[in-house]
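The values are calculated or read from the model by the stated rules, or taken from the named source; none is laboratory data. Everything numeric in this text was worked out from a predicted model, so none of it was measured. Positions of Cβ are backbone-derived with ideal geometry, glycine not excepted, and every protein chain shown enters the neighbour counts. For the accessible areas, the whole protein counts, side chains as well, though only heavy atoms, and no ligand, DNA or RNA atoms are used. Shrake-Rupley method; radii C 1.70, N 1.55, O 1.52, S 1.80 Å.
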Amino acid sequence: VDGANVARFRQDGSFRPSALRACVEFFAREGVPEARVVVTLSETHWQTVVADAWGKSLDAREGVAWTPTGTDDDLFTIQLAASSGAWVVTNDRFENHPAWAAPVRGRLVRPPHSARASRAPE
């Protein structure tokens, strides 16, 4: 799960951990094993995410791949997905990284709370 993108998918751009939780819980209800869902997030969001019990639990089960400070979180997400064969839940098209994103372009899906969740990014 492209954490920053999923948590900021609002007109005002505010960061909402509740959107991450809704996304992760959606896949759990669909039968995706908890260990198969990983949220990528910049270390700058650590305090916000682990501020509640759900965020602490996610972090404790290693459900967050923390992007090191100063690292491009999109590129980190793309490389992690490419190396593991994972799908990426995002609203992003990764147009700023066309060469890097090419291997995962067919594995991009919109978050379930997105108005266009059934369509993959174009």
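I'd like the carbon and sulfur percentage of the solvent accessible area for the chain, probe radius 1.4 Å, heavy atoms only, ligands and nucleic acids excluded.
Details: 3560 of 6790 Å².
The C+S portion of the solvent-accessible surface of the chain is 52 percent.
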| query | What FRET efficiency comes out for the pair VAL109/GLU43, r = Cβ-Cβ distance, R0 = 30 Å, nearest 0.05? | reply | 0.75
| note | Length gained, SER14-LEU75, 0.36 nm per residue minus C-alpha separation, equals 19.8 nm
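Could you compute Rg(Cα) / (2.2 N^0.38 Å) for the chain, with N its residue count?
0.98
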| Hey, what do the phi angles of the range 79-84 turn into as Karplus ³J(HN,Hα) couplings, whole Hz, using 6.51/-1.76/1.60 and θ = phi - 60°, x for Gly and Pro? | 5, 5, 5, 5, 6, 10
| said: Just to compare against my own numbers: the Cα pair-distance distribution for the range 7-79, 5 Å bins, whole % per bin, please. | reply: 3, 15, 25, 27, 21, 7, 1
| Separation between Cα centres of the range 1-66 and the range 76-99, rounded to whole Å | 16
| remark: Per the C-alpha gyration tensor (a ≥ b ≥ c, the square roots of its eigenvalues), the range 1-45 is rounded if a/c is under 1.5, else prolate if a/b beats b/c, else oblate; here it's oblate
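Counting only heavy atoms of the protein chains, get the accessible area per residue of the chain (1.4 Å probe) and round it to a whole Å² value.
56
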| query | In sequence order, what are the phi-derived ³J(HN,Hα) couplings for the range 102-111 according to the Karplus relation 6.51 cos²θ - 1.76 cosθ + 1.60 with θ = phi - 60°, rounded to whole Hz, with x for glycine and proline? | reply | 3, x, 10, 3, x, 10, 9, 10, 7, x
